[in-house]
Amino acid sequence: MGERYLTWFLAFLLCVVAAAGDAQAADGRQPLLLPGKHTLFQRVLAKPEAALYTKPGTGEATSRPTPFSVFYVYARKQAAGGEWLEVGTDRFGAVKGWIPASETIEWNQGLTVAFRDPVGQDRVLLFKDESSLKNLVEKRDLKRYEALYQQAESGKLSSDSPVVAIQPKGYIDIRKDFYLVPIRKHEDVYMGDEQAMLLQVATVPLRNKQGHQPGQASASAGSAPAASAHAAAATVSKALREAAKKHFRSGVVFVIDSTQSMGPYIDRTREAVRKIYNTIAKAGLQGDVNFGLVAYRDNPGEVPDLGYLVKTFATLKEGRSAKGFFSRVKAIKPAPVSSRDFVEDTYAGVKTAIEDMDWTSLAARYVIVITDAGARPGHDPLSSTHMTAESLNQLARDKGIAVAVLHLLTPAGANNHERARRQYQKLSYYPGVGSLYYGVETGDVNAFGRVLDALAEQITNQVREVAQGTGQTQQAAADSKSVEPVAASAPRAKEDPKLAELQSKVAKLGYALQMRYLQQDDSGQIPEVFNAWLVDRDFRHPERQTLDIRVLLTRDQLSDLYNVLQQVLETAEEGLLSPRNFLNDLKSLAATVARDPQELGETTRATGASGGNLADLGFMREYVEDLPYTGEVMNLSLEDWQEWPAKRQLAFIHRLEEKINYYKVLHDHTDLWVSLDGGPISGDSVFPIALDMLP
């Protein structure tokens, strides 16, 4: 009898809860749906100048939302000669007021683009309509493109030109001059053999405290005409002369494997740095090139006599002078015993150099890794970082740091050389430049010394060029349309093509950093153009991407992503999710991140959501369709997963685990986050995360 009563009572409670839920749903308001959709709501972004009102078209503003706040649209109404939107902060009826539609941007997906550094390639042209750009792309009309490009670059666009703006000539640091370029529409096209994407975007810079639009630049604010090579060279020279009055400072942190086999290389590194300090002193550049040194070994828990995992011997501040540097690095010695195997915790040393050094005042930032062993991958139980080469590389790039690797190919580590090479090429990749990796054959100490001397001298000379107001203008005069530097500052070793290639890459990177620094105070930034069209590849060289695809997340949303993805993986590992449910949960999460990050945490079974995931509810297609870019998870089918061998499935799961570790590290780096309202960093602060780093 008691058992029957309990059953009846539970059923009664469920009915009460269900009735309450139905009543709440009936009373609550829902946002407007997107046309043709059943589950996706209309959303908008507030522009920097937006204001909220109690009624449409009348009265004074009640408040000004934080720029780029995301609102759901509850109603649309014509008033005072324009369209007004009733908006709320969530989809459950939290209405905040009315806002003019002209002060918002449609935001029906979470994807945005960031312009890549244009050094070495054409700047992106923005077109006023799709048809003009599509016609140009499909015909591959290089002559017409060249004419439009020269007009845009020179600021001489005619009123009937299809081009309305050009990408700024300098690099834009999104942390200093925040901008958003949300993707509104897209269309697939081909440029030669390369698949490309036509994108309709809106561009919105964030105003600074004085109300000035930082970086506002349209086609009328272009640089010297591309037809004039001498003018381009003169522009660079003038900028360099102006910069001579400023301090272009560089920081180089050596991350050295200090295990038992590394003694000769540690000594040779000290010798190379001593030479550079002498050069700096002769050039009067003391304090403009700072050196730091981090040594790493392996997990001392496995081999206690190793002494330490990571140790900072000299900070960049201490390395402003030779005396400060050498007084500290003289203590570094190779370990007295061998480590466990021929793999060390390299990533621990790199992560320490990225996180613990003060890079604040340095325009050029380099980490040079020196090792004869491979790195422990993130899924290795002895890894202290649990990060991959890719995620660590992304963290370095987030901080504006370039990583170079000098890999000593000693005979003792032959079995590990190929695997380590792949790791370090990924770790040292820099967009638009390539991999800054160099393998020293046989680990020859003299060969290593020559490479290190050339590399360190080249980085130092980049500083000297700016200080002397000279710089690399030779190539600018030769080809102003694609300003490529010549590595004249470091003698190329004709007998060593690999070294020449590395020097060329470092020269290109150095030139980009110089230009980035010299243009810091220029007014040319993101063009204030709305609903423009562009193509995501270089018109002359379609194999080159011109944009990075990102997702704008708040710190709270990143925290939600971390928690949900961790729950999905833990549930799967406990055997509580079938392969189908595991993939559906991941796809639900990936789709939500790209489509509506505000709904993170309510899309997967692992969170306890009563309705299951998007796939269970039949909403997956709506979330995925119309997305121009998708990641690895979205393109993976159940059939693919089941056909994969266990080793490949495990590698896939490891990649997800390593991304989780990246989220934690990124969340804790408060210097990378942008507070849109000018206040302290909080859960509402934002960061544009690379799509590749998301599930």
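Odds and ends about this structure:
- When only alpha carbons are used to place a centre, segment 82-142 and segment 627-695 end up 23 Å from one another.
- Cα-based reach from Lys37 at 26 Å (exclusive), listing lysines while leaving out same-chain residues under 8 positions away: Lys47, Lys77, Lys96, Lys185, Lys587
- Segment 552-693, relative contact order [Cα under 8 Å, separation at least 6], %: 34
- Based on alpha carbons, the Rg and Dmax found for segment 31-106 are 11.6, 36 Å.
- Each of the peptides 124-135, 571-582 was scored by the mean count of other Cβ atoms within 10 Å over its residues; in descending order, highest first, they stand as 124-135, 571-582.
- Using a cutoff of 8 angstrom between alpha carbon atoms and counting only pairs six or more residues apart, the relative contact order for segment 103-174 works out to 46 percent.
- Pairs of Cα atoms nearer than 8 Å and 6+ residues apart set the relative contact order; for segment 31-106 it is 33 percent.
Laboratory data are not the source of any read-out in this text; all were calculated from the coordinates shown. The structure displayed is predicted, hence computed values, not measured ones. Ideal geometry is used to build each Cβ from the backbone, glycine not excepted, and the neighbour counts take in all protein chains shown.
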